[in-house]
Amino acid sequence: MSEWEALLRVALALAAGALLGLEREVADKPAGLRTYALVAQGSGLFMVLGILLSGQNYGGNATIDPSRIASTVVQGIGFIAGGVIFTVGARVQGLTTAAGVWVAAAAGLLIGGGFYIVGFGAIVLSLVVLRVLGYVGRKLPTDQGALHRRDVSD
C-alpha cells in the first residue's frame, strides 16, 4: 500500500467517525463530532500502521501482524469508553456513548484495513440504531417501578 492510499484510508475513517459523531452532537451527547472523528481516525491510523509495518523486513524472521495492533486498539477504546459511563443514584448513564465510541473504533479499523463497505455500512447501521431504535424506545410504555429506557442510555 502506498502512503497516499494509507492517508486516504485514514481520511475515510475520520469521515466515518464524523458521521456518527454528528448524530451524537445533534442529540447533545457528551461525546460528539470531534471525539468520534478522532477515535475512528486513530483506529484507522493504527490499522494502517500495522499494515505498513507488516510489509517491512526487519531482519531474521521478525514479522508484524496487523491484527495484534488492532487488538490493542480494542483494549484502549474500552478504557476511553469506560470514562464516559457513570452512575447517578440508581441510574447508569453513558452506555450508548461508550458503545458508539467502540463502534467508531471498529469502523476505523475496518476502513484502515481497506474494508470500506463494511466500515461505512456499520456506521449507517449505527445511525439507524441511534435514531430509529431511539425513537421506538422512547415510545414504549414503561412501568413506574422499572428503570425507564433513558436511565440506561445517554
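Sort the following peptides by mean Cβ neighbour count (other Cβ atoms within 10 Å, averaged over residues), highest first: 40-50, 92-102. Mind dumping the intermediate values first?
Details: 40-50: 24.9, 92-102: 19.7.
Sorting 40-50, 92-102 by mean packing, highest first, produces 40-50, 92-102.
Would you mind ranking Phe79, Phe115 by Cβ crowding within 10 Å, fewest neighbours first?
If I rank by nearby Cβ atoms, fewest first, I get Phe79, Phe115.
Rounded, prolate or oblate, given the Cα gyration tensor of region 1-87, with a/c below 1.5 counting as rounded?
oblate
What shape does region 78-148 have by the C-alpha gyration tensor, where a ≥ b ≥ c are the square roots of the eigenvalues, rounded means a/c under 1.5, and otherwise prolate means a/b greater than b/c and oblate the rest?
It comes out oblate by the Cα gyration axes.
Among rounded, prolate and oblate, which fits region 71-116 when a ≥ b ≥ c are the square roots of the eigenvalues of its C-alpha gyration tensor, a/c under 1.5 means rounded, and a/b larger than b/c means prolate?
Prolate.
Over the chain, calculate the relative contact order: mean separation of alpha carbon pairs under 8 Å at least 6 apart, over the residue count, as a percent.
Values: 225 pairs, mean separation 42.2, N = 154.
That works out to 27 percent.
Could you pull out every whole DSSP H run in the chain that spans at least 15 Å of Cα extent along its own axis and averages 1.6 or higher on the Kyte-Doolittle scale?
95-112, 116-128
On average, how much area does the Cα convex hull of the chain cover when viewed from any direction, in nm²? Display every interim value, and only then the final one.
Working: hull surface 41.1 nm².
Result: 10.3 nm².
No lab work stands behind these numbers, since they all come straight from the coordinates. Note that this is a predicted model, so its numbers are computed, not measured. So basically every Cβ, Gly included, is an ideal-geometry build from the backbone, and we count neighbours across all protein chains shown.
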